[in-house]
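**Student:** Can you keep this structure in mind? I'll have questions shortly.
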Amino acid sequence: MKQFISLFLILFLIISCKKSETPLANKTPKHGLITKNAMVVSARVEASKIGSDIIKKGGNAFDAMAATQLALAVAYPVAGNIGGGGFMVYRKADGEIGAIDFREKAPLAATKDMYLDEAENVIPEKSTLGVMAVGVPGSVAGVFAVHEKFGSLPIEDIIKPSIDLAMQGVIVTKKQARGLKYYQPLFLKANKDSIFLNKLWKENDTIKYPALAKTLTRIMKNGKEEFYKGETAKILVKFIQDNGGIITMEDLAKYEAKWRTPITFTYDDLKIISMSPPSSGGICLAQIMKMIEPYNLDEFGHNSIKTIQVITEAERRAYADRSFYLGDPDFVNIPGEDLISENYLKDRMRTFSFEKPTLSSEISYGDVQVIESNETTHYSIVDQLGNSVSVTTTINGGYGSKLYCSELGFFLNNEMDDFSSKPGVPNMFGVTGGEANSILPEKRMLSSMTPTIIEKSGELFMTLGTPGGSTIITSVMQTILNVHEFDMTMQEAVNAPRFHHQWLPDEIRMEPNAFDSDLIKRLKKLGYFINESNSSIIGKVDGIMVLQDKALEGGADYRGDDTAVGF
Ligand code: GLY
């Protein structure tokens, strides 16, 4: 009998250990950094610390936004920038919400066919590598607009730490060293000289940025005008034109950041506030979440076959609409209300069945009765007053156009590739676009950036976002669902494996070696095309969640060097 009991106990222990290894929900919760007052989560510890210190000094989330944006331009040149653009969604402690668009725009001399050859074929690399890929940068205008409207500390206090960091230098991490090696051939193709050409930087090297420190010092003294009309503008335009580019002083002088009304929608008891066009982020996020809301994902289980099917089919339909309807709202009529209306989205899912996939070839954009018709970075901030900001900023590809202005010390974006160079031809993220996103002078290119803030019961609940090109929207959505449907902590939600579908190509991209092979076999058997071979991660989410006791939990994505800093 004793022997029998021992055997039973051993078996029970084996079974219960095995069980606790499978679903994430059964594991001990893994929390990110928890602080009481304020927090900044960004792609580099140096930037998070500079932002957090600004708040500690008495600044608010908006001061910290300006400081973190500039610190990332120094510490994280792969995507942090003053040579690119971005979007910020905010929610003030009193509940006021809003958004600012500091997206790049097409130069005045841009034309619809500028990336096509005589036979109307897209010229390889013209919209991605070198000077013709560059859009008029918006980041400096964004920083100053945010600071002027909401900032509380003097601009000197905000810019000085980044100048000091640029002079002191930034230590190369292992991941950065790997990236610099990967991009070296492209740096050589796009530049005559640059600090990234003359030397292959290795892990633990320190890169100093004296030219960038000088540029930032002039901006600190002369304000936004320095970048758009002053000496910096003149140097930048001369550099661009000497390299054969088309951006002029007039382009820079005319650039303005724009305050926008964010997209808001509900999902169960959450109110979700996200970026409006010219980002597709908010509208697509709303479409996907409203399409999946009627299904009981919590019962299906996290990353279960049924959950993956429902999400994939909603994504497929939303990205088909994205490619047809979305573009710069100052140039095209976007049926925004219709695209996110419950009736329309219910109708879009009418053809969904658990039996087999809807092929993308059978899906087009929906009929909304129109009367007329990687690599980016994200940071999230909450201050001690309860103000929150969610900012995604980019120079588009890793190191943008790869074109580095040595005299000014920064990389220029290749954001022009986010336009549709030719209808139906995919851009670097594989997304296709149509007339709504065609190139016109001064038009802003469509984005997928999805800086998002969430309220629960009228209170701040979460702020989050991610890089990842077209995968941004679906990464943000999965992170929200991980918390809301699957009870994960902020850090667990960020860590969990991700998948992505964007209508075309008709495939579910899955993070490699992260999903159960049996699950993949079953999806294939149902008729889904699975792409695990692209060995890249999907997204790099940085978020902050307000816990029940009002403390803040940071989720800094392990996929990068991302770090939460707070107090
Ligand atoms: N450049 C990536 C995006 O804006 O979606």
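**Student:** How long are the three semi-axes of the equivalent ellipsoid for the stretch 422-567, computed from the Cα gyration tensor as the root of 5 times each eigenvalue, in whole Å, largest first? Don't jump to the answer; show the numbers that get you there.
**Tutor:** Values: eigenvalues 163, 103, 35 Å².
Semi-axis lengths for the stretch 422-567 are 29, 23, 13 Å.
**Student:** I need the Debye-formula profile for the stretch 374-444: one equal scatterer per C-alpha, no solvent, reported as log10 I(q)/I(0) at q = 0.13, 0.18, 0.19, 0.26 1/Å, two decimals.
**Tutor:** Normalising to I(0) and taking log10 leaves -0.54, -0.83, -0.87, -1.11.
**Student:** Sticking with this one: Which whole-number percent gives the relative contact order of the stretch 407-468, counting Cα pairs below 8 Å spaced six or more residues apart?
**Tutor:** Details: 68 pairs, mean separation 13.2, N = 62.
Result for the stretch 407-468 is 21 percent.
**Student:** Let me ask another. I need Trp201, Trp503 ordered by Cβ neighbour count within 10 Å, fewest first.
**Tutor:** Trp201, Trp503
**Student:** Would you kindly state how much longer the chain becomes between Gln241 and Leu197 on full extension, computed as 0.36 nm times their sequence separation minus their alpha carbon distance, in nm to one decimal? Could the numbers behind the result be given before it?
**Tutor:** Numbers: separation 44, 0.36 × 44 = 15.84 nm, distance 2.09 nm.
Net length gain for the segment: 13.7 nm.
**Student:** Given Cα pairs under 8 Å that are at least 6 residues apart, what percent is the relative contact order of the stretch 129-206? Let's see the in-between values first.
**Tutor:** Details: 38 pairs, mean separation 28.0, N = 78.
Normalised by residue count, the contact order of the stretch 129-206 is 36 percent.
**Student:** Sticking with this structure for a sec: What FRET efficiency, computed as 1/(1 + (r/R0)^6) with R0 = 22 Å and r the Cβ-Cβ distance, is obtained for Leu440 and Ser341, rounded to the nearest 0.05?
**Tutor:** Numbers: r = 28 Å, r/R0 = 1.29.
The calculated FRET efficiency here is 0.20.
**Student:** Ok, one more. Please report, in cubic angstrom per residue, the volume enclosed by the convex hull of the alpha-carbon atoms of the stretch 289-386. Walk me through the numbers on the way to the answer.
**Tutor:** On the way: hull volume 19.3 nm³, N = 98.
Output value, Cα hull per residue: 197 Å³.
**Student:** Continuing with the same structure: Divide by every residue of the chain the summed helix terms, -39500 (n - 2.57) for each DSSP H run of at least 4, and state the resulting mean residue ellipticity at 222 nm, rounded to the nearest 500 deg cm²/dmol.
**Tutor:** It comes out at -11000 deg cm²/dmol, rounded to the nearest 500.
**Student:** Next question. With a cut-off of 8 Å between alpha carbons and a minimum separation of six or more residues, what is the relative contact order of the stretch 147-267 in percent? Intermediate values should be presented prior to the final figure.
**Tutor:** Numbers: 94 pairs, mean separation 29.7, N = 121.
Reported relative contact order: 25 percent.
**Student:** Also, I was wondering about something else. Between Ser406 and Ser536, what's the calculated FRET efficiency when r is the beta-carbon distance and R0 is 25 Å? Round to 0.05. Working shown, then result.
**Tutor:** Numbers: r = 30 Å, r/R0 = 1.19.
E between Ser406 and Ser536, to the nearest 0.05, is 0.25.
**Student:** Any chance you could run the full-extension gain for Tyr182 through Glu293? It's 0.36 nm times the residue separation minus the Cα-Cα distance, nm to one decimal.
**Tutor:** Separation in residues times 0.36 nm, less the Cα-Cα distance, equals 35.9 nm.
**Student:** A follow-up question, please. Please state the charge dipole magnitude for the chain, taken about the Cα centre, from unit charges on C-beta atoms (+1 on K and R, -1 on D and E), reported in debye and rounded to the nearest 20.
**Tutor:** Numbers: 61 positive and 70 negative charges, 319 e Å.
Roughly 1540 debye, rounded to the nearest 20.
**Student:** A follow-up question, please. First measure r as the distance between the Cβ atoms of Lys521 and Phe331, then evaluate 1/(1 + (r/R0)^6) with R0 = 56 Å and state the FRET efficiency to the nearest 0.05. Let's see the in-between values first.
**Tutor:** On the way: r = 46 Å, r/R0 = 0.82.
The formula returns an efficiency of 0.75 here.
**Student:** If you don't mind, there's one more thing I want to ask. Positive end of the charge dipole of the stretch 45-184 (Lys, Arg +1 and Asp, Glu -1 on Cβ, about the Cα centre): tell me which of Phe62, Pro137, Ala106 has its Cα farthest that way.
**Tutor:** Comparing the listed Cα positions along the dipole, Phe62 ranks first.
**Student:** Still on this structure, please answer the following. Find, among the trypsin sites (Lys or Arg not before Pro) in the stretch 33-92, those assigned to loop by DSSP (not H, G, I, E, B) with at most 12 other beta-carbon atoms within 10 angstrom. It would help to have the intermediate numbers written out before the result.
**Tutor:** Values: sites: Lys36, Arg44, Lys49, Lys56, Lys57, Arg91, Lys92; in loops: Lys36, Arg44, Lys57, Lys92.
Here the sparse-neighbourhood loop sites are Lys36.
**Student:** Kindly give the semi-axes, whole Å and largest first, of the ellipsoid equivalent to the chain, taking each as the square root of 5 times a Cα gyration tensor eigenvalue. Show your work: numbers first, answer last.
**Tutor:** Numbers: eigenvalues 274, 164, 107 Å².
Semi-axis lengths for the chain are 37, 29, 23 Å.
**Student:** May I ask you to list the lysines whose Cα is less than 17 Å away from that of Lys234, ignoring any residue fewer than eight positions away on the same chain?
**Tutor:** Lys214, Lys221, Lys224, Lys254
**Student:** Sticking with this structure for a sec: Using the number of other C-beta atoms within 10 angstrom as an exposure proxy, rank Phe410, Phe150, Phe354 with the fewest first.
**Tutor:** Numbers: Phe410 25, Phe150 19, Phe354 11.
Sorted ascending by nearby Cβ count, the order is Phe354, Phe150, Phe410.
**Student:** Going by average Cβ neighbours within 10 Å, how do the peptides 303-312, 388-397, 290-299 rank, with the highest at the top? Show your work: numbers first, answer last.
**Tutor:** Details: 303-312: 20.5, 388-397: 30.9, 290-299: 16.5.
Descending mean neighbour count gives 388-397, 303-312, 290-299.
**Student:** Mind pulling up the Rg/Rh value for the stretch 47-189? Radius of gyration and Kirkwood radius, both on Cα. Before the final figure, lay out each step's value.
**Tutor:** On the way: Rg = 18.4 Å, Rh = 17.4 Å.
Across the stretch 47-189, the Cα-based Rg/Rh ratio is 1.06.
**Student:** A follow-up question, please. In the stretch 329-433, how does Rg compare with the Kirkwood Rh, expressed as the Rg/Rh ratio over alpha carbon atoms?
**Tutor:** Numbers: Rg = 19.7 Å, Rh = 18.2 Å.
Here Rg/Rh amounts to 1.08.
**Student:** Separation between the Lys456 and Lys356 pseudo-spin-labels, each 7 Å from Cα along Cα→Cβ, expressed in nm?
**Tutor:** Simple spin-label model gives 4.1 nm for this pair.
**Student:** Same structure again: Most exposed first by the Cβ proxy, i.e. fewest other Cβ within 10 Å, how do His31, His147 rank? Show your work: numbers first, answer last.
**Tutor:** Numbers: His31 15, His147 23.
Least to most surrounded, the residues fall as His31, His147.
**Student:** Quick one: 3J(HN,Hα) in Hz for the stretch 452-465, Karplus 6.51/-1.76/1.60 with θ = phi - 60°, rounded, Gly and Pro as x.
**Tutor:** 9, 10, 10, 10, 10, 6, x, 10, 4, 10, 7, 9, 7, x
**Student:** Calculate one ³J(HN,Hα) per residue across the stretch 300-310 by plugging θ = phi - 60° into the Karplus curve 6.51 cos²θ - 1.76 cosθ + 1.60, and present them in order as whole Hz with x for glycine and proline.
**Tutor:** Each residue of the stretch 300-310 in turn: 5, x, 5, 6, 7, 4, 5, 4, 4, 4, 4 Hz.
Computed from the coordinates by the stated procedures, all read-outs in this text should not be read as laboratory data. For clarity, every value in this text was computed on a predicted model and none was experimentally measured. For neighbour counting, all protein chains shown are included, and Cβ atoms are generated from backbone atoms with ideal geometry for every residue, glycine included.
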